[in-house]
Amino acid sequence: MSATAGDRRRRARLIDVFLVLLLAWLLGGFVWLATVAHGEWRQLHTYRTRSDFWRFGMRQPERLRRCLAGTVRAFPDDAVVYLYGDPSQGYRWMWATYMLPERRVWMVGEDAPSGIQVISTARDAPPRGELVFGGRWCGVYRLR
């Protein structure tokens with residue numbers, strides 16, 4: 001049983017298509033891996049990485065831990081600790097709750113009510129805040 005010339009051409013065509021698809025898949029995987037690696041490299045070399053990229057041993061979680069340890073004293077023991085910032089930075093809130101397991105920690109933003117005290121870890125103070133305790137890079141602010 002010998003294969004006809006048409007069968008051989010069809011088989012060769014299928015093999016060619018398979019090899020092209022395999023090459024395209026490999027190239028796509030390489031591009032994806034290169035993009036992810038470049039993004040992670042950029043996050044390591046920028047001053048402020050997003051909190052969803054934080055890992056133990058990085059500067060940012062350590063800075064947040066020192067900030068919380070120094071400023072949480074301004075809150076009564078049974079009070080809620082408000083962390084001021086962009087509410088989309090949910091991982092910052094998760095790190096704060098991990099570092100303060102005995103406290104309730106809430107994330108507040110621009111729409112926070114007046115009169116509450118918030119911990120701000122940003123370089124700029126909350127727009128309606130006056131510094132009560134701490135410093136500019138990490139302080140407790142009372143919102144007006």
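The values are calculated or read from the model by the stated rules, or taken from the named source; none is laboratory data. In this text the structure is predicted, and so the values were computed from the model without any measurement. Cβ: placed from backbone, ideal geometry, glycine included. Neighbour counts: every protein chain shown. Ligands, DNA and RNA are excluded from the accessible area calculation, which covers all protein heavy atoms including side chains. Shrake-Rupley method; radii C 1.70, N 1.55, O 1.52, S 1.80 Å.
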For the chain, which DSSP H helices look membrane-span-like by this rule: Cα extent along the axis of 24 Å or more and mean Kyte-Doolittle of at least -0.5? 5-44
Are there chymotrypsin sites (Phe, Trp or Tyr not before Pro) in the range 1-32 that DSSP puts in a loop and that have at most 10 other Cβ atoms within 10 Å, and which ones? none
Given GluC sites (Glu not before Pro), DSSP loops and at most 13 other Cβ atoms within 10 Å, the longest exposed-site-free stretch of the chain is 1-101
Contact order relative to length of the chain, as percent, for alpha carbon pairs under 8 angstrom and 6 or more apart: 17
May I ask what percent, to the nearest 5, of DSSP beta bridges between residues of the chain are antiparallel? 55
For residue 10 and residue 35 in one chain, what is 0.36 nm times their gap in residues minus the Cα-Cα distance, to one decimal in nm? 5.3 nm
Inter-probe distance in nm under a simple model that places probes 7 Å from Cα toward Cβ, at residue 131 and residue 114: 2.4
So if each residue of separation counts as 0.36 nm, and I subtract the Cα-Cα distance between residue 20 and residue 80, what length gain in nm does that give? 15.6 nm
Using protein chains only and a probe of 1.4 angstrom, how many square angstrom of residue 95 are accessible, to the nearest 10? 30
Taking every other residue with Cβ under 11 Å from the Cβ of residue 99 and scoring Lys and Arg +1, Asp and Glu -1, one gets +2
In the chain, what is the volume of the convex hull around the alpha carbon atoms, normalised per residue and reported in Å³? 179
Helix-derived [θ] at 222 nm for the chain: sum -39500 (n - 2.57) over DSSP H runs of at least 4, divide by residue count, nearest 500? -15000 deg cm²/dmol
